[in-house]
């Protein structure tokens, strides 16, 4: 449930922040949700839930919020370009690719309990794998439809073997990250690429995790899923959202929601938080170009 909690927590953060100030004179805040980042949620259920949440949390304070759901990142890109969205919720890699480094972004990221965000490459202790290059011909479980995972794995394959992952690794795609981790734990995969949060949760639920798997690589960031307010958003909403987070999350209602969705803190961030994603994307493109040159 980690990705769903990320986006739900971001939504609650926006609504709770907005509840600190009456905003009945503002036009609706248009929020875009990229659904592949909410991998455990049924789109129809999510849409209904968002409607309930916005009504319950927004109406008493005169705050109008409309949520738009996207399966296609290009559709979200078109609405961003048309200024039809004020706020986007998506994975860090998707946001980094949606906006250039010169676009001014502000928002926040969810800090999960226990701290620490990013990716970890886990391997079975029985697989005799100590570095990525040892995975040649082996099975790697990973989240499906995840741009960050795609970019990270392809970069590693190009660095290790100068070829794409196809034909070198057997990738096992899982909708739920915890399922990818369990593939390694139960010997159905040799490795898994999952979030730090998923590993921490698995350790909490099953103390035997570390007896069978170990971390061989880590990639860290301030968050994996972000809520970012766009430069063209109404200045009143900008002030409302970006400068009242502390008051919002410390309220009784705010703490209840944070506890319900197992969120420790909502951390204010800006475009600097996307630097690790942009660096990874740049490295991937450089490795692809280098591989293309060697083939000539």
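Quick rundown of the values:
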| item | result |
| --- | --- |
| Using a Förster distance of 22 Å, the FRET efficiency for residue 212-residue 170 (Cβ separation, nearest 0.05) | 0.65 |
| Highest to lowest packing among 180-186, 204-210, scored as the average C-beta count within 10 Å | 180-186, 204-210 |
| Alpha-carbon centroids, region 108-160 and region 195-240: separation in whole Å | 14 Å |
| Computed lengthening from residue 145 to residue 74, 0.36 nm per intervening residue step minus Cα-Cα distance | 24.1 nm |
| Protection proxy ranking, peptides 89-96, 284-291, average beta carbon neighbours within 10 Å, highest first | 89-96, 284-291 |
| For peptides 118-128, 67-77, sequence by mean Cβ density within 10 Å, most packed first | 118-128, 67-77 |
| Dimensionless Rg over Rh [region 118-220; C-alpha; Kirkwood] | 0.93 |
| Residue order, fewest to most beta carbons within 10 Å, for 99, 108 | 99, 108 |
| Cα gyration tensor shape for region 173-222, rounded if a/c is under 1.5, else prolate or oblate | rounded |
| Per residue, the convex hull volume that the Cα atoms of region 145-198 enclose (Å³) | 86 Å³ |
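Every number in this text was worked out from the coordinates using simple rules, so none of it is lab data. Everything quoted here is computed from the prediction, not taken from an experiment. With ideal geometry, Cβ positions are generated from the backbone for all residues, glycine too; neighbour counts draw on all protein chains shown.
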